[in-house]
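The values are calculated or read from the model by the stated rules, or taken from the named source; none is laboratory data. Everything numeric here is computed off the predicted structure, so don't read it as measured data. Every residue, glycine among them, receives a Cβ derived from its backbone with ideal geometry; neighbour counts consider all protein chains shown. For the accessible areas, the whole protein counts, side chains as well, though only heavy atoms, and no ligand, DNA or RNA atoms are used. Shrake-Rupley method; radii C 1.70, N 1.55, O 1.52, S 1.80 Å.
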Amino acid sequence: MLALSHYNSSAPLLLPHVANDSGGKVEVRAAVEGLSHHENLTFEEPTAGGAFIVILSMTLGIISNIVALFILVNAYSLQRRRSKATFLLFATSLVITDSIGHVIPGALVLRLYLSGAARPQYVNSSDGMCQFLGGSMVFFGLCPLFMGCAMAAERCLGVTKPLLHSSLVTKRRAKICLSIIWLAALSVALLPCFQLGSYTYQEPGTWCFIKVLSDTKEVDVAFVVLFSGLGLASLAVALVCNTISGLTLVFARLRRQPGSHHSAKSHDIEMVVQLVGIMVTSCICWSPLLIFGLMSVIHSYTGTIGHSLSYYETLMVMGVRLATWNQILDPWVYILLRRTVLRKIYLIAKCQAGLRGTILGRWEPSSFPSSEKNDVDQV
């Protein structure tokens with residue numbers, strides 16, 4: 001989604017002018033105590049090396065998504081099976097969304113970085129760019145999670161109830177589903193425009209997100225609960241659907257008589273393997289930010305955050321950095337987990353492990369034939 005640079009929090013804040021009397025001593029004590037709770041709100045000027053890391057991350061994400069998009073569009077144009085075409089439509093939309101979600105927030109973060117980041121006095125405040133950046137993070141965060149959930153549900157229906165799937169799932173309905181997903185994510189992202197939550201600059205001043213660490217109100221808690229709840233629910237539904245799909249395919253393969261061939265199942269195997277890859281990537285990259293956001297806003301709202309403010313700031317930065325990798329890793333699921341690649345991996349593993357004659361021998365290389373005769377390795 002975006003690339004965050006590294007800042008050192010050693011530069012001192014400006015202390016207020018203090019009168020030379022007893023009242024001034026009280027003000028000094030209050031200022032020092034306040035600084036002890038906000039010691040991480042100070043930043044060093046960005047370095048050229050940090051800017052290079054931001055640009056490198058954006059470049060890597062763009063290249064990865066372009067390669068994956070080329071593979072998916074080519075496969076979609078050659079695909080004749082409707083179920084596979086529907087899956088590729090969802091996958092292509094996911095890659096396009098990931099690509100845009102990597103470029104737009106990344107460019108805004110880079111602009112903040114090159115301009116020296118938000119000054120300490122602007123942290124926990126907001127402006128037009130912060131509102132747009134925060135909304136982009138929420139929108140491009142929810143879209144991949146919603147799409148992964150929809151793709152898992154569609155594949156689960158296709159594997160367990162193929163006849164019902166063929167009558168219900170069409171390209172037109174898939175496009176309607178994608179439109180609903182984008183609209184739902186946009187609706188959540190725009191809630192602060194109606195005073196239902198707010199976006200603020202976050203430590204170290206190079207990104208914006210939902211207010212979770214200071215001056216949180218009931219609407220902020222509700223907004224974080226909604227965002228994290230929808231994200232975690234999407235991951236949970238995808239986990240259940242992919243588990244059902246995987247077990248169904250495994251049991252069907254184990255019940256199959258040796259020597260019989262059902263090449264149609266190979267499409268399902270490839271799609272489920274890719275969905276599992278997407279799910280694992282999303283869980284690793286997004287779960288920390290979703291959970292850390294809930295933890296931070298609850299402790300902030302209940303007033304129990306205390307001296308742990310810097311700890312929760314660190315958690316949030318770690319969470320958003322992990323979320324950044326989702327848009328970089330997602331494309332490699334389609335690049336590496338194609339049937340052409342899976343077939344080669346299977347042959348190598350079978351040769352090395354000597355699996356001939358065992359129960360795994362039922363998973364013949366024919367389980368992963370090339371989906372098109374003209375299919376070649378694009379990578």
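Restricting segment 181-214 to residues that are of a type in the set (S, T, N, Q) and surrounded by fewer than 21 Cβ atoms within 10 Å (Cβ to Cβ), the residue that is nearest to Y113 (Cα to Cα) is S214. Got at least one residue in segment 198-218 being part of a helix (DSSP H, G or I), of a type in the set (A, V, I, L, M, F, W, C) and at pLDDT 90 or above? No, segment 198-218 contains no residue that is part of a helix (DSSP H, G or I), of a type in the set (A, V, I, L, M, F, W, C) and at pLDDT 90 or above. Across segment 254-273, the qualifying residues are those that are open to solvent by 60 Å² or more (accessible area, probe 1.4 Å) and modelled with pLDDT of 70 or more, and the one among them that is nearest to R339 (Cα to Cα) is L254. Only one entry in S77, S57, S93 is at pLDDT below 85 and buried (at least 19 other Cβ atoms within 10 Å of the Cβ), namely S57. Pairs are defined by a Cβ separation below 7 Å, a sequence spacing of at least 6 or placement on different chains, a first member in segment 51-67 that is within 20 Å of V95 (Cβ to Cβ), and a second member that is open to solvent by less than 50 Å² (accessible area, probe 1.4 Å) and modelled with pLDDT under 80; the pairs so defined are S57/A3; M58/A3. Of I181, I210, all but one fail to be touching a Gly at 6+ places or on another chain (Cβ under 8 Å), of a type in the set (V, I, T) and closer than 30 Å to V54 by Cβ; the exception is I210.
Does L114 count as touching a helix residue (DSSP H, G or I) at 6+ places or on another chain (Cβ under 7 Å), under 26 Å from L56 (Cα atoms) and at pLDDT below 85? Against the criterion (touching a helix residue (DSSP H, G or I) at 6+ places or on another chain (Cβ under 7 Å), under 26 Å from L56 (Cα atoms) and at pLDDT below 85), L114 qualifies. Here is the figure for segment 132-157: residues that are in contact (Cβ under 8 Å) with a residue 40 or more places away in the chain, within 17 Å of A252 (Cβ to Cβ) and open to solvent by 10 Å² or more (accessible area, probe 1.4 Å) total 1.
For segment 317-332, the candidate set comprises residues that are over 9 Å from the mean Cα position of the chain (by Cα) and open to solvent by less than 10 Å² (accessible area, probe 1.4 Å); within that set, the residue that is nearest to T59 (Cα to Cα) is I328.
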